[in-house]
Amino acid sequence: MSTSVSPPAIVLGLGANGYGIVRSLSRVGVRVTGLYARNEEFGRLSRRCASRRLPPEALRDDNSFVDALLAEARRLGERPVVFATDDRHALLLSEHQERLAPHLRFHPVPRSTMRVLVDKAEMSRRCAALGILAPRTHITEPGEDLGRAARSFSYPCIVKPSQSFGGDFPPGLKNFVAASPEALDAFLAAYPSLAGHTIWQEIVPGGDDAIFQCTVLVSARGATGGLCTIRKIHQYPPGFGITSLGRTEGNPDVVRESRRLLESLSYRGLASLEFKRHGEADYFIELNPRLPWYNALFADAGVNLPYLAYRDLVGQPLEAPAQRNAVYWASLAEDLGWLARTRRRERVSFLAWLGGFAKARSWAWWNWRDPLPALRAFFYLLGQAFARKRTGPDAPLSVQAREPLSPSTPAGHVSRTDR
């Protein structure tokens, strides 16, 4: 593929997700500006992009965020390409596409499609209609006997809000893991406003390494412009977290089902779909309308999905290369967190962990040509490690900064999706 430096690109957020996009674009000569909100977004220190801090009001109000994005587009000129690093960014691009599209290039997701994507109950129905395997799901209804429904369900299960954004789910919680009917009853009794606004899903058996993710670019013409599949090795928190160690690995069944689901939605742009393997079957877990947080792996494995999306948006031809398998990606902080949580329960030794981690050739922060983000992340990690001595070994350990407008997610009961 030929190198292009015009138009520029804007990346919304400079956490690990945004920094991965910055590296992927800058390595082929694209000029990148990153918008960030917090000092913990260490990509702001990169020499591979210009970084600009969002005004405080942009974090409190959607219209102010759109105004700040438009101001940056006008400053840069040439109708920049914009990349979302968070589900809320993707939602804002969809909701405000009429204002944004004349000044920015992105794959617009129709509001009707976005409503399906953020409605977990509707996604469950969509999978059922297509014959795509998904975990057993109960969609709560207003006025139903939740206690009776809870006693007849499978455990452990995950309780999720029906809608990804808004609603009455407790602040700071994204999902709740219920180990028993009693635990589910207690949770619903504590938050009675959730009646009729949640779905319950059984937990598919299997370890972290049973999870596959397929990230796909569907071009503006509806063709597959590139894809890459990975297998999680570890995730943090263990069981229901973000990838901390993973590798590229082909899975034709996951690719086929991902394409079928995206085709049914008439989807355009970048999307990441997660499945969990149990036995010989792959169960659909979720779909996110943007790149995952480990996206630096894609270019390192030969499939530069951010650049392919860029080329599609500027009208350049696409070449969809095949991925290189067995390329490992890691995040030091999160994988140390995985080790801290599992070493006693699963008898994982430090040396065994180190042997797996040492296979990584792609990293969340480390790049020897651009060391400052990694160094700052490392010192931040040291600070967290000292803090854990005071707060206890189960305190969260992570350098993954929250992106602008992202909901906060504690590590206790909840599942943190791959940003």
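The values are calculated or read from the model by the stated rules, or taken from the named source; none is laboratory data. What you see is a predicted model; the values in this text were computed from it and never measured. No Cβ is skipped: glycine too gets one built from the backbone with ideal geometry, and neighbour counts run over all protein chains shown. These accessible areas exclude ligands, DNA and RNA; they are computed on the full protein's heavy atoms, side chains included. Shrake-Rupley method; radii C 1.70, N 1.55, O 1.52, S 1.80 Å.
Okay, residues lined up against (1) over 14 Å from H89 (Cα atoms); (2) open to solvent by less than 60 Å² (accessible area, probe 1.4 Å); (3) within 22 Å of the chain's Cα centre (by Cα); (4) not small (G, A, S):
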| position | (1), (2), (3), (4) |
| --- | --- |
| L12 | no, yes, yes, yes |
| G18 | no, yes, yes, no |
| V30 | yes, yes, no, yes |
| T33 | yes, yes, yes, yes |
| Y36 | no, yes, yes, yes |
| E40 | yes, no, yes, yes |
| C49 | yes, yes, yes, yes |
| D61 | no, no, no, yes |
| R74 | yes, no, no, yes |
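Give region 340-353 a look and list any residue that's free of Cβ contacts under 8 Å to residues at least 40 places away in the same chain, surrounded by 12 or more Cβ atoms within 10 Å (Cβ to Cβ) and of a type in the set (A, V, I, L, M, F, W, C), or say none. Explain how you work it out, then say what you get.
So in region 340-353, the residues free of Cβ contacts under 8 Å to residues at least 40 places away in the same chain come out as 343-353.
Okay, now just the ones that are also surrounded by 12 or more Cβ atoms within 10 Å (Cβ to Cβ), so 343, 348, 352-353.
Within region 340-353, V348, A352, W353 qualify.
Tell me which of these Q201 doesn't satisfy, since it passes every other one: (1) of a type outside the set (A, V, I, L, M, F, W, C); (2) open to solvent by less than 40 Å² (accessible area, probe 1.4 Å); (3) part of a helix (DSSP H, G or I).
Only one criterion is unmet by Q201, namely (3).
For region 220-229, indicate whether the set of residues that are touching a His at 6+ places or on another chain (Cβ under 7 Å) and either crowded, with 23+ Cβ neighbours inside 10 Å or assigned to a loop (DSSP other than H, G, I, E, B) (or both) is non-empty.
yes
When residues of region 174-197 are filtered for being more than 26 Å from L262 (Cβ to Cβ) and in contact with a strand residue (DSSP E or B) (Cβ under 7 Å, 6 or more places away or on another chain), how many remain?
So the count comes out to 6.
Filter region 72-123 for residues that are of a type in the set (G, A, S) and closer than 15 Å to R268 by Cβ and give the result.
Passing the criteria: A84, A90, S94, A101, S112.
Report yes if some residue within region 96-112 is surrounded by 16 or more Cβ atoms within 10 Å (Cβ to Cβ) and farther than 24 Å from P306 by Cβ; otherwise report no.
no
Answer with yes or no whether R361 is open to solvent by 70 Å² or more (accessible area, probe 1.4 Å), in contact (Cβ under 8 Å) with a residue 60 or more places away in the chain, over 13 Å from Y19 (Cα atoms) and of a type in the set (K, R).
yes
E334 versus (1) outside any loop (DSSP other than H, G, I, E, B); (2) open to solvent by 60 Å² or more (accessible area, probe 1.4 Å): which is the lone unmet condition?
With (1) outside any loop (DSSP other than H, G, I, E, B); (2) open to solvent by 60 Å² or more (accessible area, probe 1.4 Å) applied to E334, the lone miss is (2).
Can you pull out the residues in region 279-324 that are of a type in the set (K, R) and within 18 Å of D86 (Cα to Cα)?
Residue satisfying the conditions is R290 alone.
How many residues are surrounded by fewer than 21 Cβ atoms within 10 Å (Cβ to Cβ) and small (G, A, S) when one looks only at region 230-250?
Counting residues in region 230-250 that are surrounded by fewer than 21 Cβ atoms within 10 Å (Cβ to Cβ) and small (G, A, S) gives 2.
Go over the candidates A374, A385, A352 one by one and state the one that is at pLDDT 95 or above and assigned to a helix (DSSP H, G or I).
The conditions single out A374.
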